[in-house]
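Here the structure is laid out as structure tokens; the discussion comes afterwards.
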Amino acid sequence: MTQLVLEPLSTYCGYSPDEMIARAQAFYEDIRRRRTVRDFSDQPVPREVVEYALLAAGTAPSGANLQPWHFTVITDPDTKRRIREEAEAEERDFYNGRAPQEWLDALAPLGTDEHKGFLETAPVLIAIFGQRSSEGPEGRRVKNYYVPESVGIATGFLIASLHAAGLVTLTHTPSPMGFLNEICGRPESEKPYILLVVGYPAEGCMVPVHGGIKKPLETIASWL
Ligand code: IYR
């Protein structure tokens, strides 16, 4: 068992209250520009941008710091085509019977359907897996904790980092997406959570007005 070893917190940066407000506001002003995009350009993205964004994702807090995630980056056109075919097969069932009407009604303002051409057009797909267990000391399996929460936080960091770098994303969730294990060569102990589509917006890219409307502060937060 690894014992507790402490070190001074040397990475912390403190600011005056005014600076804190300015920094919090600046972050908000930048992140509020983020829009989910479904119309991608095929322009390739610099690999280093994706690598730094993945490094940023990897700094996320996680249950017992077990970092229960794996990111498979797909740029190969044949692999993207296979993913599109599998995703569209699932989505066809979803939109033509599997999804209850209430769900389809909720999706109507987004204009989504079973056609997922962006899975081939966008230069980068990132399949995000959560690891139910990982390999511990001497090859033993150790259970991971708070996997969905940890993966969700890491994905948030990833999306924010890609946005800050000037890329756009779509958090795509073909359902079910077990086919990603086979295509990405990931073990059954890993569960695919999100297929993140990454790239530049197509020229003249349009987004739904609905998606830009965010709930006001008084609605999303309360103070006691
Ligand atoms: N997975 C389907 C349906 C879908 C579901 C939700 I919740 C969304 O926010 C968007 C789409 C699809 O990708 O079309």
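The requirement of being in a helix (DSSP H, G or I), more than 21 Å from residue 76 (Cα to Cα), away from the ligand (no atom under 16 Å from the Cβ) and at pLDDT 95 or above is satisfied by residue 149. Residue 204 meets the conditions (1) part of a loop (DSSP other than H, G, I, E, B); (2) over 22 Å from residue 54 (Cα atoms); (3) modelled with pLDDT under 95 in every case but one. The failed one is (3).
Close contacts from region 171-187, counting a first residue that is in contact (Cβ under 8 Å) with a residue 40 or more places away in the chain and a second that is acidic (Asp, Glu) and more than 10 Å from the ligand (Cβ to nearest atom), with Cβ to Cβ under 6 Å and a gap of 6+ residues or different chains, come to 179/86. Under the condition of being surrounded by 15 or more Cβ atoms within 10 Å (Cβ to Cβ) and within 14 Å of the chain's Cα centre (by Cα), the residues counted in region 57-73 number 7. Residue 119 satisfies every condition listed in (1) more than 14 Å from the ligand (Cβ to nearest atom); (2) buried (at least 20 other Cβ atoms within 10 Å of the Cβ) except (1).
Determine whether region 46-54 contains at least one residue that is on the phi < 0 side of the Ramachandran plot, touching a Cys at 6+ places or on another chain (Cβ under 8 Å) and not charged (D, E, K, R). Checked region 46-54: no residue is on the phi < 0 side of the Ramachandran plot, touching a Cys at 6+ places or on another chain (Cβ under 8 Å) and not charged (D, E, K, R).
Going by the structure shown, is residue 86 charged (D, E, K, R), surrounded by 15 or more Cβ atoms within 10 Å (Cβ to Cβ) and closer than 28 Å to residue 144 by Cβ? It would help to see each step written out before you state the result.
Values: charged (D, E, K, R): yes; surrounded by 15 or more Cβ atoms within 10 Å (Cβ to Cβ): yes; closer than 28 Å to residue 144 by Cβ: yes.
When the stated conditions are applied, residue 86 passes them.
Taken over region 10-34, the criterion of being of a type in the set (Gly, Ala, Ser), surrounded by 10 or more Cβ atoms within 10 Å (Cβ to Cβ) and more than 25 Å from residue 213 (Cβ to Cβ) is satisfied by 22 alone.
Looking at region 90-114 only, could you name the residues that are under 20 Å from residue 37 (Cβ atoms), more than 8 Å from the ligand (Cβ to nearest atom) and exposed (fewer than 12 other Cβ atoms within 10 Å of the Cβ)? Explain how you work it out, then say what you get.
To start, the set of residues in region 90-114 that are under 20 Å from residue 37 (Cβ atoms) comprises 91, 106-114.
Within this subset, residues satisfying the condition of being more than 8 Å from the ligand (Cβ to nearest atom) are 108-109, 111.
Answer for region 90-114, where residues must be under 20 Å from residue 37 (Cβ atoms), more than 8 Å from the ligand (Cβ to nearest atom) and exposed (fewer than 12 other Cβ atoms within 10 Å of the Cβ): just 108.
Does at least one position in region 26-37 carry a residue that is touching a Cys at 6+ places or on another chain (Cβ under 7 Å), over 22 Å from residue 178 (Cα atoms) and either of a type outside the set (Phe, Trp, Tyr) or within 15 Å of the ligand (Cβ to nearest atom) (or both)? Yes, some residue in region 26-37 is touching a Cys at 6+ places or on another chain (Cβ under 7 Å), over 22 Å from residue 178 (Cα atoms) and either of a type outside the set (Phe, Trp, Tyr) or within 15 Å of the ligand (Cβ to nearest atom) (or both).
The values are calculated or read from the model by the stated rules, or taken from the named source; none is laboratory data. What you see is a predicted model; the values in this text were computed from it and never measured. Cβ atoms come from the backbone with ideal geometry, glycine included; neighbour counts cover every protein chain shown.
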